[in-house]
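Reading through the structure tokens given below for one structure.
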Amino acid sequence: MSRQACPKPSRLSIFGAKDNIQQGFDVESTIQPGDKLPEFILSDARGKPASSVDLLAKGPLLIILTLRAFQQRLGDFQARGVTFVAVTPEQPDTSLTTAEKNELKFPVLTDDGLKLARKLRIVWRKPEELVATLNTIGADLEKRHGNDSAEMVIPTTLLVDEKGVVRNIFAEADWTKRLEPQEAVDWVNEL
């Protein structure tokens, strides 16, 4: 959403919160290359459990905590033996809709209650003014996420080797920025 496309009161709230998180977020406080990935078990869009242990048994793991253009590069990751998963706070019904709508060919796992995101230290709390604005414009995050928490996930991409060690991380407080898929391919090529 551009600053100009949004009504002024909402724009001030939304982009003020963006500026605030950019100033307050320290990427050095997140999980870092060389750290061991915390073990997790998350449900996929159909409610089937997926564990980090099982995913890593297949080889390196690329985890994105936001969706973007990675679908188009999925073959590049698979050809290099990398398992690709998306992790979202969305409840399975919503993530299934997202996966179907975007015709995703990789698992979308639900991080219910942001348990994994907390372990990775990539959670931030939305200011009350932003929560009120989102509710006003019809963004029902409580329904999508299955709780009334004002917490969100910092857009993050992780490459984890087959031993469970984080090799690369991209975490960006400016939620309009994401890791470009080519950079993730470059990470994989360096494994």
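Quick note: the coordinates plus some simple rules give every number you see, no bench work behind them. Computed from a predicted model, the values in this text were never measured in an experiment.
Segment Ala57..Val27, full-extension length gain: 8.0 nm, with 0.36 nm per residue of separation and the alpha-carbon distance subtracted. Subtracting the Cα-Cα distance of Glu190 and Leu74 from 0.36 nm times their residue separation leaves 40.0 nm of extension gain. Counted residue by residue at 0.36 nm each, then reduced by the alpha carbon distance between them, the extension gain from Arg125 to Ile41 reaches 27.9 nm. With a threshold of 27 Å on the Cα-Cα distance, the over-threshold entries among Lys48/Lys119; Lys126/Lys163; Lys48/Lys115; Lys48/Lys177; Lys105/Lys126; Lys58/Lys126 are Lys126/Lys163; Lys48/Lys177; Lys105/Lys126; Lys58/Lys126. Under a 5 Å amide H cut-off, with hydrogens placed 1.01 Å from N, Asn168 pairs with Leu159 among residues at least 5 apart or on other chains. Along segment 72-83 the Karplus relation, 6.51 cos²θ - 1.76 cosθ + 1.60 evaluated at θ = phi - 60°, assigns HN-Hα couplings of 5, 9, 3, x, 5, 6, 4, 5, 9, x, 9, 7 Hz to successive residues, with x for each Gly and Pro.
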